[in-house]
Amino acid sequence: MQVRRVEPADIRGFTGSNWRVFNEGIGWDFAEEKECFAVFKDNRVVGAARCCMRGGLMVLKSIIVNRDFRGQGIGTALLEQVEDSARRKSCPKVVLETSARHKDAIEFYLRRGYQIVATRYEWFFEADWYSLEKPP
Ligand SMILES: CC(C)(COP(=O)(O)OP(=O)(O)OC[C@H]1O[C@@H](n2cnc3c(N)ncnc32)[C@H](O)[C@@H]1OP(=O)(O)O)[C@@H](O)C(=O)NCCC(=O)NCCS
């Protein structure tokens, strides 16, 4: 497995065109995502994570592994890259948000030491929404 830092453009196709169109349509600039990491197998992206510093905290914006490659440690490797980056910046916390619909992801984060620090109902998505965090 090869995990490395990449440019945002390198993972756009992987993270999905619908998502990109939605975000760019409402004015979110992908160029502001300062750090992206990807795992490659046979020169193909099989997992990616995006993060950025906001208000002195490291925000994990997204992490996704191709369905066929889950359960092989790729998500963990990506999360570790984000945490390493936070440590290098002397950042006190990695923070992220996820919904009750991402049950596997919530278990994944909790087993890696993240704690749920806030819960709210998100009316737009009609789901519980969680804020999680961990010192890196
Ligand atoms: C959450 C996610 C990134 C984890 O990636 P991953 O590469 O499967 O992660 P890992 O292999 O490092 O760890 C997965 C855990 O599930 C277990 N697992 C086993 N088989 C699995 C499978 N087929 N699919 C998923 N997880 C599996 C692993 O053993 C591991 O268990 P552990 O936590 O006790 O160590 C991935 O499931 C994913 O892309 N989910 C969809 C997108 C998503 O929800 N993103 C987060 C939104 S906030």
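Quick notes on this one:
- Residues in the range 69-100 that are in contact (Cβ under 8 Å) with a residue 12 or more places away in the chain, of a type outside the set (A, V, I, L, M, F, W, C) and over 20 Å from Ala48 (Cβ atoms): 4 in all.
- For Val59, the stated conditions hold: it is touching a strand residue (DSSP E or B) at 6+ places or on another chain (Cβ under 6 Å), assigned to a strand (DSSP E or B) and closer than 19 Å to Cys36 by Cβ.
- In the set (1) assigned to a strand (DSSP E or B); (2) within 12 Å of the chain's Cα centre (by Cα); (3) modelled with pLDDT of 90 or more, Met53 fails one condition alone, (2).
- Filtered residues of the range 97-136 (kept if within 16 Å of Ile64 (Cβ to Cβ) and among the polar types (S, T, N, Q)): Thr98, Ser99
- The range 116-136 residues that are under 17 Å from Pro92 (Cβ atoms), paired with ones that are among the aromatic types (Phe, Trp, Tyr) and exposed (fewer than 12 other Cβ atoms within 10 Å of the Cβ) (beta carbon under 7 Å, 6 or more apart): none
- Unmet criterion (only one of (1) near the ligand (Cβ under 7 Å from one of its atoms); (2) modelled with pLDDT of 95 or more) for Gln81: (1)
- Within the range 34-45, the residues that satisfy the criterion of being more than 9 Å from the ligand (Cβ to nearest atom) and crowded, with 21+ Cβ neighbours inside 10 Å are Cys36, Phe37, Ala38.
- Scope the range 84-118; condition under 15 Å from the mean Cα position of the chain (by Cα), outside any helix (DSSP H, G or I) and either within 22 Å of Val39 (Cβ to Cβ) or more than 8 Å from the ligand (Cβ to nearest atom) (or both); matching residues: Lys93, Val94, Val95, Leu96, Thr98, His102, Arg112, Tyr114
- Among the residues making up the range 62-78, those that are more than 6 Å from the ligand (Cβ to nearest atom), in a helix (DSSP H, G or I) and surrounded by 15 or more Cβ atoms within 10 Å (Cβ to Cβ) are Phe69, Ala77, Leu78.
The values are calculated or read from the model by the stated rules, or taken from the named source; none is laboratory data. It should be emphasised that the depicted structure is a prediction, and the values quoted were computed from it without experimental measurement. Glycine also receives a Cβ, built like all others from the backbone with ideal geometry; neighbour counts cover every protein chain displayed.
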